[in-house]
Amino acid sequence: MNDQPSERAQQLLDQLDAFRREEVAPVEASILEQHETEPTVQPSAMEDLKVKAKAAGLWNLCVRHPDYGPALPMTDYAPLAEAMGTSPVLQEALNCDAPSSINGDALIAFGSTEQRGRWLEPQLDGEIRSAFGMTEPDVASSDASNIAMTAARDGSDWILEGRKWWISGVLHPNCGYLLVMAQTDADASSHRRHTVFVVPRDAEGLEVVRNLSKFGYVDPHGHCELRFDRVRLPAEAVLGDVGGGFAIGQARLGPARLGPARVHHCMRTIGLAEAALSLLCERAEDRVTFGAPVADRANIQDWIAEARIDIDAARLLTLRTAGVMDRDGDKAAAPEMSVIKVQVMRTATTVVDRAIQVHGAAGVSPDTPLARWYANLRGLRIADGPDEVHLSAIARRERRRQQERRSSTN
């Protein structure tokens with residue numbers, strides 16, 4: 001496996017690095033501050049960055065369908081996603097921010113001509129963003145067949161009733177729609193009970209109950225609890241087929257036919273782990289305790305070495321996964337997706353935790369990004385399937401592999 005970027009990927013990476021230094025860095029702090037102080041207003045500086053990213057050829061780099069984007073192989077996108085890892089501003093400036101980018105994949109794969117025209121094309125142009133509503137407060141949403149929010153027919157319309165929570169991006173001023181999974185047939189098989197609907201953000205009956213904090217951190221664009229109080233939608237709001245919601249959810253995240261979400265998360269997270277390691281090393285060199293730099297302590301040297309080993313291993317595992325997706329399709333990469341979802345998040349969480357320890361009191365303060373990074377990473381070990389779900393899948397496959405091996409030798 002070649003772990004070096006292709007010529008095309010390296011060229012884009014150089015452009016992206018220059019764009020971040022020259023265009024994003026000077027305005028990033030002010031954009032983040034405006035997000036905090038005026039969350040309902042889209043900063044004009046962000047819109048300016050989007051125009052510049054389009055002009056620089058750095059737009060929609062995450063879009064794999066050749067009719068809608070540059071169709072980069074996953075192995076080419078990997079270093080670019082890693083470079084975006086610590087900067088939500090950069091991700092939005094390039095129109096590569098989740099969950100909008102993944103919703104776009106779902107609309108490309110399953111949307112009608114009308115749905116693509118109304119929702120996908122404006123999103124690809126950067127005019128709107130979107131959210132995805134699956135997780136619910138009253139059921140274990142790690143098993144998607146538990147989703148209990150209902151959608152009932154009323155003539156040719158559908159009436160949505162229920163609650164969702166931890167829905168990202170709903171409060172962004174440009175949020176135009178949500179993809180929402182609801183139960184449409186309680187008597188169907190577990191994988192045919194649910195349907196995904198395209199719900200306009202301003203639909204009557206859609207209420208934001210609260211914006212949930214994560215370890216005390218509040219995202220101004222939302223991790224929201226929502227109430228759907230008899231939200232009426234036309235038949236044209238169904239994405240794909242009635243009863244096909246489970247397949248769309250899997251396709252969106254992986255490992256079905258168009259499921260890069262988990263892998264994109266891993267790629268970006270590797271970039272964040274690298275940044276945390278840099279902060280750890282810098283702090284360890286600068287701080288002196290009991291007459292010697294912290295970096296000279298054996299346990300700190302072990303932490304640095306282990307971080308280097310684990311980050312490199314996580315990157316190689318992620319590149320292997322990307323390679324399988326490019327060569328054999330997303331579904332073939334299911335085993336690898338489970339592996340990296342566990343390995344990358346554990347690695348990054350450990351590196352950030354140790355960087356916090358080396359920073360001491362500053363590590364848990366807002367003076368460094370480490371505490372917020374830790375909160376987000378800890379959440380990602382639950383989102384998109386908790387560790388336990390992926391470990392169970394890995395174990396099932398390994399047991400089956402070992403059984404087949406024993407059978408072949410008997």
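The values are calculated or read from the model by the stated rules, or taken from the named source; none is laboratory data. Everything quoted here is computed from the prediction, not taken from an experiment. With ideal geometry, Cβ positions are generated from the backbone for all residues, glycine too; neighbour counts draw on all protein chains shown.
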Given the conditions (1) surrounded by 18 or more Cβ atoms within 10 Å (Cβ to Cβ); (2) over 22 Å from Ser101 (Cα atoms), report the number of the one that Leu178 does not fulfil.
(2)
Of the residues that sit in region 96-135 and are among the acidic types (Asp, Glu) and either outside any loop (DSSP other than H, G, I, E, B) or more than 18 Å from the chain's Cα centre (by Cα) (or both), which one is modelled with the lowest pLDDT?
Asp105
Please work out if Thr318 is in contact (Cβ under 8 Å) with a residue 60 or more places away in the chain, in a helix (DSSP H, G or I) and of a type outside the set (A, V, I, L, M, F, W, C).
yes
Which pairs have Cβ atoms under 8 Å, sit 6 or more apart or on different chains, and link a residue in region 154-166 that is over 10 Å from Leu206 (Cα atoms) and assigned by TED's automatic domain parsing to the domain that holds Pro220 to one that is of a type in the set (Ser, Thr, Tyr) and modelled with pLDDT under 95?
Lys164/Thr135; Trp165/Thr135; Trp166/Thr135
Residues of region 46-63 satisfying the condition of being among the hydrophobic types (A, V, I, L, M, F, W, C), part of a helix (DSSP H, G or I), farther than 16 Å from Gln123 by Cβ and touching a residue at least 12 places away in the same chain (Cβ under 8 Å)
Leu49
Taking region 69-95 on its own, how many of its residues are without any contact (Cβ under 8 Å) to a residue 60 or more places away in the chain and either assigned to a loop (DSSP other than H, G, I, E, B) or crowded, with 20+ Cβ neighbours inside 10 Å (or both)?
5
Listed by first then second residue, the pairs whose first member lies in region 292-312 and is on the phi < 0 side of the Ramachandran plot, whose partner is not in a helix (DSSP H, G or I), with beta carbons under 6 Å and at least 6 positions apart or on separate chains, are Val294/Arg287
Lone qualifier among Pro335, Pro369 - being under 29 Å from Arg287 (Cβ atoms) and under 20 Å from the mean Cα position of the chain (by Cα)
Pro369
Taking Pro66, is it over 25 Å from Gly222 (Cβ atoms) and in a loop (DSSP other than H, G, I, E, B)?
yes
Any chance Ala251 is of a type outside the set (Asp, Glu), assigned to a helix (DSSP H, G or I) and modelled with pLDDT of 95 or more
no
